[in-house]
Amino acid sequence: VKLDLNSPAAVLDAYDLMMMRVSDRVPGARIRGVYVEKMCAKGREVILGMVRDPQFGPMLMFGLGGIFVEVMKDVTFHIAPITQDEARQMLESTKSFALLKGVRGEAGVDFDAIATSLQRISQLATDFPQIVEMDINPFIVGSLGRASVAADARITLKDAAST
C-alpha cells in the first residue's frame, strides 16, 4: 500500500517499485492487476458495527474508530431497528461526543452522515438475518458537506450448514 501519491508520476513510480519488489521476492508471481483508489480526505475515524445477539437480535455499535476503540473502549450499543433520533442518541451517549462536536477551533463532524449510516446498517441487519456481525472501522467522517468513507469493512455470515 502506498499513500499520499500526489501526481500521475508518483503513482507510476510506486507501481514500478512494487512490481520490482514482487518479482525480487516471489519470482514467477502472476500479477493480474493492481488497484488504485483515490486518497480520501482526512476526518475523524469512528467505528460502526452490528453483532447479532441470540436473545435480542441485531445490536448496533458506535464509537471512536481506529486505534481509539481498542484503547478508550468508548462504544455504545442499541437494538435494531433504529430511527434517526435513536442513532443521534447513540452518538451523544459516548464520552467522545465532545471530540466529535469539535474542540479548540476544529470543525465538528457530520452527525447526520453517521446517523444515516447506522440506520442503513440497522436495515441491512434486519433484512438479512444471515449477517452474524459486521463492522466498518474506520468510517472516516468529515465536517458537514464532506463525503464520508468506509475505509475498511468486515461482514461475517452465518454458516449455511448450521441453519
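The values are calculated or read from the model by the stated rules, or taken from the named source; none is laboratory data. Being a predicted model, the structure only gives us computed values, none of them experimental. Here Cβ is always computed from backbone atoms with ideal geometry, including for glycine, and neighbour counts include all displayed protein chains. Note: accessible area is taken over every heavy atom of the protein model, side chains too, but ligands, DNA and RNA are not part of it. Shrake-Rupley method; radii C 1.70, N 1.55, O 1.52, S 1.80 Å.
See the values below:
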item	result
Average Cα contact separation per residue, segment 60-163, under 8 Å, 6 or more apart, as relative contact order %	23
Per residue accessible area in Å² of segment 14-93, where ligands, DNA and RNA are left out and the probe is 1.4 Å	70
Charge context of residue 158, other residues only, Cβ under 13 angstrom, K/R +1, D/E -1	-1
Residue-span extension gain [residue 143 to residue 70] - 0.36 nm each, minus C-alpha spacing	23.9 nm
Neighbour net charge for residue 119 - beta-carbon separation under 15 angstrom, K R +1, D E -1	-3
Spin-label proximity, residue 3 to segment 27-41 - amide N less than 12 Å from point 7 Å beyond Cα toward beta carbon	39-41
Total formal charge among the other residues, if their Cβ is under 10 angstrom from that of residue 49, Lys/Arg +1 and Asp/Glu -1	-1
Gained length - residue 103 relative to residue 152, 0.36 nm times residue gap less alpha-carbon distance	15.0 nm
Accessible surface of segment 35-163, 1.4 Å probe, proportion on carbon and sulfur as whole %	57
Correct choice for mean projected area of the Cα convex hull in nm² that was computed from the model, options (i) 13.6; (ii) 12.4; (iii) 15.5	(i)
